[in-house]
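The values are calculated or read from the model by the stated rules, or taken from the named source; none is laboratory data. Note that the coordinates shown come from a computational prediction; the quantities given were computed from them, not determined experimentally. Cβ sites come from the backbone with ideal geometry, for glycine too, and all protein chains shown count toward neighbours.
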Amino acid sequence: MQEQARRLGLFPNDRDLLACPNCGLTEDVLASGQLITNVDPGQPDAGLRFIEPTKDDAPFVCPAGGAAARAQEA
């Protein structure tokens, strides 16, 4: 079911929201559950998605610059 949610662009809430320490690209979730990215809060979806790791314990990667993404600070 989580894979189906991902294909629909929904956030399955099985990990923290991500941020790029270099370019400031961050993830956000709309009230509808759709996962979006933007550089400035309140801006429309940038259409970019962090690249999922292919190996265990590897970080997600920023699609804009290739930096290792980190969990957003609360």
Which one of the conditions (1) surrounded by 14 or more Cβ atoms within 10 Å (Cβ to Cβ); (2) part of a loop (DSSP other than H, G, I, E, B) does G42 fail to meet, given that it meets all the rest?
(1)
Quickly run through segment 1-35 and pick out the residues that are closer than 20 Å to P59 by Cα, modelled with pLDDT under 85 and of a type in the set (D, E, K, R).
E3, R6, D14
Find the residue count for segment 36-46, including only residues that are within 15 Å of C20 (Cβ to Cβ) and either within 12 Å of the chain's Cα centre (by Cα) or modelled with pLDDT of 95 or more (or both).
5
Across (1) surrounded by fewer than 16 Cβ atoms within 10 Å (Cβ to Cβ); (2) assigned to a loop (DSSP other than H, G, I, E, B), A64 clears everything bar (1)
Which one of the conditions (1) part of a loop (DSSP other than H, G, I, E, B); (2) in contact with a Gly (Cβ under 7 Å, 6 or more places away or on another chain); (3) without any contact (Cβ under 8 Å) to a residue 40 or more places away in the chain; (4) not hydroxyl-bearing (S, T, Y) does G24 fail to meet, given that it meets all the rest?
(2)
